[in-house]
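Chemist: Pasting in a structure now, in C-alpha cells, and then I'll have a few things to ask.
The values are calculated or read from the model by the stated rules, or taken from the named source; none is laboratory data. Here the structure is a predicted model, which means the values were calculated and not measured. Here Cβ is always computed from backbone atoms with ideal geometry, including for glycine, and neighbour counts include all displayed protein chains. When the accessible area is computed, the model is the full protein with side chains, heavy atoms only, and any ligands, DNA or RNA have been set aside. Shrake-Rupley method; radii C 1.70, N 1.55, O 1.52, S 1.80 Å.
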Amino acid sequence: MTTSPIKLSHILTGHPSANDLLHADEAHIVAALRDDRLAWVHLDGTHPEAQSWIRQELDYLEPQAVEALLDRDTRPRTTVIGEGMLIILRGINFNEGEDREDMVSLRIYADSKRIVTIARKRVRAIERMDDAIRSGQVPENAGLFVVRLTEDIVGRIGAFQSELDEHAEALEDKVYGQGGDHLRRDVLDLRLQVIAVRRYLGPQREALLKASQAQCALVTEEVRRELEEEAVKMTRISEDMDELRDQAQVLREELSTQLSDRVNRNTFVLSVVSVIFLPLGFLTGLFGVNIGGMPGLNSDNAFMWLCLWCVGLVMVQLLFMWRLLTMGRQ
C-alpha cells in the first residue's frame with residue numbers, strides 16, 4: 001500500500017508534444033513543483049499522509065494556503081496568497097450512493113508554476129481534466145487550467161439546475177392537474193434539493209467574481225474575461241434556483257390548500273348529516289320512552305305516521321339548506 005496521497009499528477013508545458021512528460025513518478029513531479037516547469041498534482045484529502053506530505057513537499061506554500069487545502073469544512077471562496085491564488089469551489093456530487101445536491105468540495109492552489117488540487121471525495125471534473133490532458137488537450141498556463149476546471153464545474157451545476165427545473169414543471173402539472181397527498185413527498189424532496197444547492201451558489205458566485213478581479217500574474221486578461229463569464233453563469237443559476245425555491249413553496253402551499261379544501265368539504269358533509277339526524281334522533285328518542293300518555297300507543301298506524309313525519313322533516317331541512325346555499329352563492 002502506497003503512503004503517497006497523490007492520485008493524479010501531470011507536468012504541463014502547454015504543448016501537446018509534451019505527452020511524454022505526463023504521469024511522471026512522484027520524485028519527478030515533486031521536482032517539477034519546485035522548479036520553473038508548470039506541474040499539476042491532485043491529492044486525496046482523506047489520505048492519512050496528506051497533511052504531512054503537503055507540509056513536507058510543498059513547504060514553499062504560504063501557511064494560509066496549506067491550512068486551507070487541509071481544512072475539512074470548506075466554503076467557496078477566493079484568496080490571493082503570495083504570487084498565487086487559492087480557490088475553493090463546490091461541484092455536483094456524482095458519487096454512487098450519494099445525493100447530487102450534497103456538493104463535493106475542491107480546493108485549488110495555483111500560481112504561474114504549479115497547480116495543487118485536493119479533494120476528500122471523488123470529483124469527476126478532476127477526472128475529466130485528467131482524461132483531456134492524456135488526450136493532448138493541455139492547458140497553456142495555470143490560469144487557463146483553472147478556467148477549464150471552473151467551466152466544467154459550473155456547467156454541471158447548470159445542467160443539474162435544468163433537471164430540477166424540468167422536475168418542478170412536471171410536479172406543477174401533477175399538482176394542479178391531479179393533486180393528492182402522494183405528491184407532498186416529491187415537492188418536499190425538490191425543496192430540500194434546491195435548499196442544499198443554494199447554500200453554496202451565492203458564495204461560489206462571489207468567489208468566481210473575486211477571482212476574476214484578483215491582481216496576480218495568474219489572472220491574465222483572457223483568464224479574467226473567462227472567469228467573469230463563469231461568474232455571470234453562476235449568477236443566472238443562483239437566480240434560477242431562487243425561482244425554483246419559490247416555485248416549490250407555491251406548490252407546497254397549493255397542496256396544503258387542496259388538503260384544507262378536502263377537510264372543509266368533509267367537515268361540511270358531516271355537518272349536514274348531523275343537522276339532518278339531530279332532530280330525527282331527538283324525535284325518535286322522544287317517542288321511544290316507555291311511559292303512559294304517549295300518543296299513538298293504541299293506534300295501529302302510529303308507526304307509519306311517525307315515519308311520514310320524519311320523512312317530511314328531512315324534506316323541510318333539505319329545502320331549508322338548499323335555500324341557504326342558493327342565497328350564499330348570489
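Chemist: Protein chains only, probe 1.4 Å: how do Trp309, Trp322 rank by accessible area, largest first?
Modeler: I get Trp309, Trp322, largest accessible area first.
Chemist: Then there's this: Could you please state how large a percent of the accessible area of the chain is carbon and sulfur, counting protein chains only and using a 1.4 Å probe?
Modeler: 53
Chemist: In addition: For Leu43, list long-range residues whose amide hydrogen, built 1.01 Å from N in the peptide plane, is under 5 Å from its own amide hydrogen.
Modeler: The answer is Lys7, Thr117, Ile118, Ala119.
Chemist: So, R0 is 51 Å and r is the distance between the beta-carbons of Ala27 and Glu243; what FRET efficiency does that work out to, to 0.05?
Modeler: Here the calculated transfer efficiency is 0.45.
Chemist: Using a Gaussian network model on the chain with a 10 Å cutoff between Cα atoms, which of Asn93, Asn298, Asn141 fluctuates the most?
Modeler: Of Asn93, Asn298, Asn141, the most mobile in the Gaussian network model is Asn298.
Chemist: Oh, and also: For the chain, what does -39500 (n - 2.57) per DSSP helix run (n ≥ 4), summed and divided by total residues, give at 222 nm, in deg cm²/dmol to the nearest 500?
Modeler: Counting only the DSSP helices, I get -21000 deg cm²/dmol.
Chemist: Have a look at Phe160, Phe282, Ala32 and report the one farthest towards the positive end of the charge dipole of the chain, computed about the Cα centre with Cβ charges (Lys/Arg +1, Asp/Glu -1).
Modeler: Most positive-ward Cα: Phe282.
Chemist: Okay, moving on. Tell me, what is the 1.4 Å probe accessible area of Glu62, in Å² to the nearest 10?
Modeler: The accessible area of Glu62 comes to roughly 80 Å².
Chemist: To test your reading of the geometry: what angle, between 0 and 90 degrees and rounded to tens, separates the Cα axis of helix 221-287 from the longest principal axis of the chain?
Modeler: So the inclination is approximately 20 degrees.
Chemist: May I ask for the angle, rounded to the nearest 10°, between helix 142-177 and the longest principal axis of the chain, with both axes built from Cα atoms and the value confined to 0 to 90°?
Modeler: 10
Chemist: How much length is gained if the chain between Arg185 and Leu280 is pulled fully straight, taking 0.36 nm per residue apart and subtracting their Cα-Cα distance, in nm to one decimal?
Modeler: Length gained, Arg185 through Leu280: 29.8 nm.
Chemist: Using only Cα atoms and rounding to the nearest 10 degrees, what angle (0 to 90) does helix 184-212 make with the longest principal axis of the chain?
Modeler: 30
Chemist: Check cross-link reach from Lys210 to the lysines: straight Cα distance under 28 Å, and skip same-chain residues fewer than eight apart.
Modeler: Lys113, Lys121, Lys233
Chemist: Measuring with a 1.4 Å probe in the full set of protein chains, what accessible area per residue, in whole Å², belongs to the range 192-273?
Modeler: 56
Chemist: Further question on the same structure: Using only the Cα atoms of the range 78-173, construct the convex hull and provide its projected area averaged over every direction, in square nanometres to one decimal. Walk me through the intermediate numbers first.
Modeler: Details: hull surface 30.2 nm².
Reported value for the Cα convex hull: 7.5 nm².
Chemist: What FRET efficiency comes out for Thr13 versus Glu229 if R0 is 22 angstrom and r is the Cβ-Cβ distance? Round to the nearest 0.05.
Modeler: Rounded to the nearest 0.05, the efficiency is 0.25.
Chemist: How far apart, in nanometres, would the label points at Ala132 and Asp261 be if each is projected 7 angstrom from Cα along the Cα-to-Cβ direction?
Modeler: Roughly 5.0 nm, to one decimal.
Chemist: Only one of the listed values, [x] -0.54, -0.98; [y] -0.50, -1.10; [z] -0.41, -1.04, was derived from the coordinates as log10 I(q)/I(0) by the Debye sum over Cα atoms at q = 0.08, 0.13 Å⁻¹; which label is it?
Modeler: The listed entry that was calculated here is [x].
Chemist: I want to verify the translational diffusion coefficient of the range 187-330 in µm²/s; compute it with Stokes-Einstein, Rh as the Kirkwood radius over Cα pairs, at 10 °C and 1.306 mPa s.
Modeler: Roughly 71 µm²/s, to the nearest whole number.
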